[in-house]
Amino acid sequence: LNIINASFVASAVNASQYPEGELSEIAFIGRSNVGKSSLINSLCRRNGLARTSSTPGKTQTINYFRITGKMPDESRLEFMLVDLPGYGYAKRGQAARASWSKFIEEYWLNSARLKLVCQLIDVRHPPMESDINVYRWLVEHGLNVQVVATKADKIAKSRVHQHLQVINKNINMAGLNPGGNIIAYSAVNGGGRDELLDVIKNILLK
Ligand code: GDP
């Protein structure tokens, strides 16, 4: 799958603002600063498409992007990429966590076309409690989850596999199963991009 077009559609803070349409949705979620915006921009090969955390005044919104992909046989595959707000930011307290959860729950309840959630976890560290809690929530709500380990270029290539195993093991220890393979991704060198696009393509064609 080759992305040939990506464009911003809408930002939403509640269900009345979700864009209408028939497109399947692929959502991205992760702790603040995990590299979600960088991954989305790298996946779409469009710098500045998703705004990074350092963007002043960035608010907690759900952002929709319409993506057109081209298949090897030249046919087109369109989907909606959904950028969900980051969680687990240290300065936010319990009230912020509760409002984040309500936000995500409302999205989940109103997204019949949601096909896959890509959950991003920093490759350098074991998942945090918030990562595990979010993962559990997604699985318990019957969603397909693809775990993506970000910033893979920040560790030696020879150690990436070991780090993926640590993430895998921690998810297992929480009594959960990470499903398919965890993908190591680098927004800097594009590592993992083809693999992730392949997972997305297979889900969309299912
Ligand atoms: P977000 O808050 O999840 O959207 O995270 P950002 O995309 O804004 O990334 C947070 C920080 O990590 C920024 O300084 C990025 O430049 C950096 N970053 C993100 N992805 C990568 C990556 O794949 N490799 C490296 N080396 N840095 C990354």
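Coordinate-derived values only; no laboratory data. Fair warning: this is a prediction, and the values are worked out from it, not measured in the lab. All Cβ positions, even for glycine, are placed from backbone atoms using ideal geometry, and neighbour counts span all protein chains on display.
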Quick one: P(r) of the range 2-205 from all Cα-Cα pairs, 10 Å bins, percents rounded to integers, in order of increasing distance.
8, 37, 40, 15, 1
Phi angles of the range 29-45, converted by Karplus (6.51 cos²θ - 1.76 cosθ + 1.60, θ = phi - 60°) into ³J(HN,Hα) in whole Hz with x for Gly and Pro, give 9, x, 4, 3, 6, 6, x, 5, 4, 4, 5, 4, 5, 6, 4, 8, 6
Mind giving me the FRET efficiency for Leu205 and Asn14? R0 is 22 Å, r the Cβ-Cβ distance, nearest 0.05 is fine.
0.10
Going residue by residue through the range 176-182, the Karplus relation 6.51 cos²θ - 1.76 cosθ + 1.60 with θ = phi - 60° gives ³J(HN,Hα) values, rounded to whole Hz and with x marking Gly or Pro, of 10, 10, x, x, x, 5, 6
Hey, what do the phi angles of the range 97-107 turn into as Karplus ³J(HN,Hα) couplings, whole Hz, using 6.51/-1.76/1.60 and θ = phi - 60°, x for Gly and Pro?
5, 5, 6, 4, 4, 5, 4, 5, 5, 4, 4
Describe numerically, in nm with one decimal, the distance between label points set 7 Å from Cα along Cα→Cβ at Arg51 and at Ser7.
2.0
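Antiparallel DSSP bridges in the chain: what percent, to the nearest 5?
Counting only bridges with both partners in the chain, antiparallel ones make up about 45 percent.
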Dipole moment magnitude, nearest 20 debye, the range 92-206 about Cα centre, only Lys, Arg, Asp, Glu C-beta charged
140
Within the chain, longest stretch clear of exposed GluC sites (Glu not before Pro) (DSSP loop, no more than 13 other Cβ within 10 Å):
75-206
Among the listed pairs Lys151/Lys206; Lys36/Lys201; Lys157/Lys206; Lys36/Lys169; Lys36/Lys157, which are separated by more than 27 Å between their Cα atoms?
Lys151/Lys206; Lys157/Lys206
